[in-house]
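Engineer: Okay, here's the structure, questions in a sec.
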Amino acid sequence: MEKRVAEYAHAYARNERFDAMRAEKIIRDIYIAIRGQSMNQTREGLKAAEDNLPDIARTRALECAESIGGLIQKAPTQPFYKAYDRAAVTLAGEFGITQVGAKELMKDVFEQHNGKELYAHGKQLEEQFHVPVREAARNARKAEQQPSHSQMQSRG
């Protein structure tokens with residue numbers, strides 16, 4: 001988070017009449033005003049929440065991980081990365097942890113329970129269910145964009 005703030009501050013300062021240090025201070029002040037705590041306090045709070053998860057978190061993590069397959073398979077289909085992100089957002093929101101922490105928890109619990117990697121399982125489902133739908137949609141768009149043979153003759 002610190003690196004992103006510094007990068008944003010440099011970009012912000014380029015368009016204003018002050019330096020990057022002043023821009024970073026402004027960004028941090030705005031963050032505190034909105035969140036009621038500093039970025040470091042937010043980070044520490046998220047870390048503490050991950051370190052002290054209740055027992056139900058593992059059960060919910062498995063449920064969220066297993067929901068990914070349904071998200072990939074059901075219409076409208078979606079790629080693994082989107083389904084994985086959705087599940088992580090849900091889990092992170094329920095327990096006040098980061099999405100990275102939620103993904104790690106889902107990955108670990110899924111592998112312990114099912115004996116296979118969540119990523120490999122999700123990518124296999126993506127290939128089976130999402131890729132054919134995506135390719136069919138691409139081919140349909142290409143067919144729409146190409147003028148038909150009769151249209152070409154009427155122009156000539």
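Engineer: Kindly list, by first and then second residue, each pair from a residue in the range 108-124 that is in contact (Cβ under 8 Å) with a residue 12 or more places away in the chain to a residue that is in a helix (DSSP H, G or I) and surrounded by fewer than 14 Cβ atoms within 10 Å (Cβ to Cβ), limited to pairs with Cβ atoms under 9 Å and residues at least 6 apart or on different chains.
Structural biologist: Hits for this filter: V109/T59; H121/N114; G122/Y81.
Engineer: Now, a different point. State whether the residues of the range 56-65 include one that is of a type in the set (A, V, I, L, M, F, W, C) and in contact with a Lys or Arg (Cβ under 6 Å, 6 or more places away or on another chain).
Structural biologist: Scanning the range 56-65 turns up no residue that is of a type in the set (A, V, I, L, M, F, W, C) and in contact with a Lys or Arg (Cβ under 6 Å, 6 or more places away or on another chain).
Engineer: Taking the conditions exactly as written (surrounded by 15 or more Cβ atoms within 10 Å (Cβ to Cβ) and either of a type in the set (G, A, S) or within 30 Å of L125 (Cα to Cα) (or both)), does T42 satisfy them or not?
Structural biologist: no
Quick grid of which residues meet (1) open to solvent by 60 Å² or more (accessible area, probe 1.4 Å); (2) more than 30 Å from F110 (Cβ to Cβ); (3) of a type in the set (D, E, K, R); (4) out of contact with any Asp or Glu (no Cβ under 7 Å at 6 or more places or on another chain):
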site: A13; (1), (2), (3), (4): no, yes, no, no
site: E16; (1), (2), (3), (4): yes, yes, yes, yes
site: I26; (1), (2), (3), (4): no, yes, no, yes
site: I34; (1), (2), (3), (4): yes, yes, no, yes
site: L53; (1), (2), (3), (4): no, no, no, yes
site: R58; (1), (2), (3), (4): yes, no, yes, yes
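Engineer: Give the residues of the range 83-130 that are crowded, with 17+ Cβ neighbours inside 10 Å, among the aliphatic types (A, V, I, L, M) and more than 30 Å from G45 (Cβ to Cβ), sorted by residue number.
Structural biologist: Correct list: L125 only.
Engineer: Which count do you get for residues in the range 63-82 that are open to solvent by 70 Å² or more (accessible area, probe 1.4 Å) and aliphatic (A, V, I, L, M)?
Structural biologist: Going through the range 63-82 one residue at a time, the tally reaches 1.
The values are calculated or read from the model by the stated rules, or taken from the named source; none is laboratory data. Bear in mind that the values here come from a model prediction, so they are computed numbers and not experimental data. Cβ coordinates were reconstructed from backbone atoms using ideal geometry, including for glycine residues, and neighbour counts include every protein chain displayed. Note: areas computed on protein heavy atoms with side chains; ligands, DNA, RNA excluded. Shrake-Rupley method; radii C 1.70, N 1.55, O 1.52, S 1.80 Å.
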